[in-house]
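Structure first, commentary second.
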Amino acid sequence: MKITKALLLTALLSTTSIAQDNFKTPASVKADFEGFAERLNSGSQLHRDMQALAEKLLKSEGHNLDTKMRLLALTGQFDEALKVLAEIRANQDTSAYPANPFLTLQQELFFKTKIREQRTNESFETAFRHVYEAIFRPLNNKEAHKASYYMGYSLEQGIPYMKFVFGRVAGSDELSSKDAASLLYNYQDYYVYNAVIPASKPLQEEDIDRRYITDRNVLIKTPEGITLSAVVVRPRGVAEPMPAALNFTIYNVPDSNLREALNAAAHGYAGVIADARGKRLSTDEIRPYETEHKDANAVVDWISKQSWNNGEVAMYGGSYNGFAAWAAAKHAHPALKTIVPYVAAIPGYGLPMENNISISANYAWPFYVANNRGLDFDLYFDNARWGSLNTKWFESGRPYREYDAVDGLTNPWFQKWLDHPAYDEYWQAMVPYKNDYKNINIPVLSITGYYDDGQISALRYLNDHHTYNKNADHYLVIGPYDHWSAQGTQRKNLRGIELDQSAFINVPEITFEWMDHILKGAPKPALVKNKVNYQVMGADTWKHVPSLAEMNSDTVRYYLNTESSGEHHTLSTHRETKTGNVLQTVNYTDRKTQNNASYPWPIIRDQLETFGGKVFLTDTFAEDMELSGQFSGKLDIRMNKKDVDLAVTLYEILPDGKFIHLASYMGRASYAADETKRHLLTPGEIESIEFNRTRMVSKRIAEGSRIAAIVNVNKNVIAQVNYGTGKDVSLESIKDAGEPLKLEWQNSSYLNLPIKPLK
């Protein structure tokens with residue numbers, strides 16, 4: 001598992017019950033960030049100020065156990081901190097997972113080391129060795145690897161995050177109790193890791209060497225003459241050739257990638273982590289997305305020829321790594337026996353554009369992965385820069401082509417991808433396309449989430465595999481997860497919504513259970529009971545059906561009627577007999593308001609935000625319903641422009657007035673019929689825009705709830721603005737806005753909702 005922003009961002013604390021005292025912000029906190037890494041060390045004024053602040057805050061009441069433990073540790077009360085840690089472990093919520101005996105192991109190691117150091121006068125390093133070995137020596141491979149997860153923090157990535165943490169409060173003269181607790185929580189975490197990671201590294205190496213055979217500097221020559229690097233880890237004591245578990249990645253985080261290879265070896269595989277072209281030990285040109293179909297396939301071929309491999313390779317991984325697994329499958333190497341891609345991207349389809357609309361969410365990503373053979377943490381994690389850039393560009397009215405000019409730093413990959421606004425041969429070459437799927441006859445397990453940004457890509461792989469290969473052996477696991485939680489394990493709360501107990505799954509364990517099933521004859525993972533396995537949010541249950549079509553078998557057609565329902569219009573199963581429309585006007589020169597700024601964060605809100613769109617409401621449901629699958633529809637529109645970017649967002653409006661984001665669609669009208677070729681619309685004529693490349697969800701729609709559909713035009717800070725001239729959208733600017741868009745939503749328009757009574 002790669003180190004990600006999500007892994008680094010320690011959860012903000014729930015400290016609302018603390019007495020709301022204010023504390024003076026120490027001068028060391030308000031100082032600039034010059035020499036910041038050194039100031040985080042234990043002997044600095046900053047550390048003394050953090051200790052003093054912890055002493056003051058500890059006198060307040062209402063701290064949760066995690067916070068209390070860290071405050072005790074900062075004030076040197078390690079025995080007491082250790083007792084609180086034991087209480088935290090004893091009070092684990094085991095409703096979703098078994099109790100984890102290694103929870104916050106880094107804290108235990110630190111506390112016990114400090115206690116031993118004080119009692120024996122040993123150096124920290126000597127005391128740490130005694131403590132470390134007492135814990136790790138008795139563990140088996142799987143247990144030791146699970147424990148080593150807590151040694152996996154990246155200090156290199158931690159510095160930018162700590163700058164973010166301190167930057168949040170540096171401008172204030174006073175800290176609230178909540179802000180002080182959050183600051184100290186994050187600081188103490190980093191402080192412990194800063195002590196534990198360096199001390200643990202040589203001991204981890206000794207433990208790894210005792211358990212595994214490792215080669216961290218493997219060089220692989222491809223048929224093109226490209227050199228790729230890899231890490232190979234095999235469990236000691238295994239004489240026979242074994243299957244390999246391959247993760248192909250562009251994310252060069254050596255410690256994290258080594259842990260991934262170790263995890264595979266701990267599960268009885270030859271763990272291989274291969275670096276993309278130009279990364280780590282490769283000196284070739286970095287080419288994100290473009291060559292994985294060749295390079296990953298070459299690595300599979302290389303593995304199959306090694307004496308320690310039995311000729312069987314499984315590929316797995318999330319996001320880019322999931323894409324790489326599909327890219328390798330494009331060539332159907334005989335040694336590739338299965339793939340387990342999660343939240344797998346399709347370049348040109350899910351990003352950097354969605355349904356032919358270029359989006360800015362991944363704008364900084366090329367700098368991150370392509371600036372050097374490692375990763376450019378400092379630039380990528382400059383959140384303030386990228387957040388303000390969205391707004392600066394939007395308010396400037398400049399063409400999307402000049403997005404990087406607004407920033408001041410040229411982005412060549414961004415410019416290259418804008419050269420391909422259609423899903424053309426450039427994109428098609430990167431992953432299986434149409435008839436390529438006929439040759440993919442291996443079992444596939446795809447995992448994604450209802451709120452995964454790349455969900456439409458995962459579903460595209462599934463749909464195309466079944467469309468072009470009638471014998472496709474493809475399984476799907478999907479539930480209430482986002483891009484990060486669908487790759488690992490989940491928290492109880494996802495963007496404000498509480499998950500059902502049944503929603504908690506362990507993706508890494510499911511991955512190896514699946515590999516064991518395919519390669520070793522073990523049973524399928526318990527969750528995989530049919531081809532499509534989905535969790536019904538709010539019903540606390542999983543359902544299992546043979547196909548997405550079966551999931552969508554009870555689709556109901558709802559028309560966009562002009563009839564009013566309060567301030568809104570009706571979404572009805574009955575079409576109005578009289579032709580009519582609902583007019584929407586959008587002024588493209590207005591940069592104070594946005595349309596379709598409806599990203600699902602938070603998922604649940606207190607009131608319906610229309611973001612300038614037109615709202616259509618169903619009647620109140622008289623019984624519990626189940627909305628499961630992908631919605632689709634036909635939008636009949638007439639307007640005064642040649643093109644438009646359309647959006648549809650579905651919400652459940654609860655009886656108490658809160659609303660829950662369900663699913664959405666966003667796409668360019670001129671590409672709706674054919675993503676590979678643009679067909680402009682005729683101003684003044686009614687045009688039918690059929691769409692089905694939507695996001696899916698499964699959720700209980702409670703009795704007394706309604707469904708709201710917001711139809712809208714996409715005009716916001718996180719995507720291109722389509723001015724409707726018919727020119728290349730990336731070249732249009734506010735000068736092309738002309739008169740406001742006047743769009744008539746015809747009442748012959750409809751949505752197909754996969755909804756039925758809940759059973």
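The values are calculated or read from the model by the stated rules, or taken from the named source; none is laboratory data. Predicted model, so just to flag it, every value in this text is computed and none were measured. Here the Cβ positions follow ideal geometry from the backbone for every residue, glycine too, while neighbour counts run over all protein chains shown. Please note that ligands, DNA and RNA were not included when accessible areas were found on the heavy atoms of the full protein model with its side chains. Shrake-Rupley method; radii C 1.70, N 1.55, O 1.52, S 1.80 Å.
Each Lys or Arg adds one and each Asp or Glu subtracts one; over the other residues with Cβ under 13 Å from the Cβ of Leu351, this totals -2.
Taking every alpha-carbon pair in the chain and binning the separations at 10 Å intervals from zero gives 3, 13, 22, 25, 21, 12, 4, 1, 0 percent.
For the stretch 556-654, lysine pairs with C-alpha atoms less than 19 angstrom apart, excluding pairs fewer than eight positions apart on the same chain, total 5. Using the Karplus equation 6.51 cos²θ - 1.76 cosθ + 1.60 (θ = phi - 60°), what ³J(HN,Hα) coupling, rounded to whole Hz, does each residue of the stretch 556-566 give in order, writing x for Gly and Pro? After applying 6.51 cos²θ - 1.76 cosθ + 1.60, I find 10, 8, 10, 9, 8, 7, 7, 4, 7, 10, x Hz. Simple rule: put +1 on each Lys or Arg Cβ and -1 on each Asp or Glu Cβ in the chain, find the dipole, and look at Ala199, Gly387, Met242; the Cα lying farthest toward the positive end is Met242. Heavy-atom accessible area, probed at 1.4 angstrom with all protein chains present, ranks Lys592, Lys531 as Lys592, Lys531, highest first.
Between the amide H of Asn100 and any residue lying 5 or more places away or on another chain, no distance stays under 5 Å, with hydrogens modeled in the peptide plane.
You can think of it this way: the chain between Tyr599 and Thr555 has 13.3 nm of extra reach, that is 0.36 nm per residue less the Cα-Cα gap.
By how many degrees, 0 to 90 and rounded to 10, does the Cα axis of helix 45-58 deviate from the longest principal axis of the chain? Result, in degrees: 80. The angle between the Cα long axis of helix 254-266 and the longest principal axis of the Cα atoms of the chain comes to about 90 degrees, rounded to the nearest 10.
The charge dipole of the chain, taken about its Cα centre with unit charges on the Cβ atoms of Lys, Arg (+1), Asp and Glu (-1) only, comes to about 680 debye. Short-range pairs are left out: with C-alpha atoms under 8 Å and at least six residues apart, the relative contact order of the chain is 10 percent. Simple rule: put +1 on each Lys or Arg Cβ and -1 on each Asp or Glu Cβ in the chain, find the dipole, and look at Ile208, Gly726, Asn552; the Cα lying farthest toward the positive end is Ile208.
Per residue, the solvent-accessible area of the chain (1.4 Å probe, heavy atoms of protein chains only, all protein chains present) comes to 39 Å². Per-residue accessible area (protein heavy atoms, 1.4 Å probe) orders Asp284, Asp93, Asp295 as Asp93, Asp284, Asp295, starting from the largest.
The string of couplings for the stretch 674-684 from the Karplus curve (6.51, -1.76, 1.60, θ = phi - 60°) is 8, 5, 9, 8, 8, 10, 5, 8, 9, x, x Hz, one whole number per residue in order, with x for Gly and Pro. With all protein chains in place and ligands, DNA and RNA left out, the 1.4 Å accessible area ranks Arg700, Arg211, Arg280 as Arg700, Arg280, Arg211, largest first. Of the solvent-accessible surface of the chain, computed with a 1.4 Å probe and all protein chains present, 48% belongs to carbon and sulfur.
Using a probe of 1.4 Å on the protein chains alone, the accessible area found for Thr467 is around 80 Å². Calculated mean residue ellipticity at 222 nm for the chain: -9500 deg cm²/dmol, from DSSP H runs with n ≥ 4 weighted as -39500 (n - 2.57), summed, divided by the residue count and rounded to 500. For the chain, the longest principal axis of the Cα atoms and the long axis of helix 78-90 meet at an angle of about 50 degrees. In plain terms, the chain is cut at each of the GluC sites (Glu not before Pro) found in a DSSP loop with at most 12 other Cβ atoms within 10 Å, and the longest leftover piece is 286-566.
Think of the chain as a dipole: +1 on every Lys or Arg Cβ, -1 on every Asp or Glu Cβ, centred on the Cα centre; then among Gly62, Tyr750, Val231, Val231 lies furthest on the positive end. Annotation: the antiparallel percentage among DSSP beta bridges lying fully within the chain is about 70. By the rule of a C-alpha distance below 27 Å, with chain neighbours fewer than 8 residues away ignored, the lysines paired with Lys68 are Lys5, Lys24, Lys30, Lys56, Lys59, Lys83, Lys112, Lys114, Lys146, Lys163, Lys178, Lys492.
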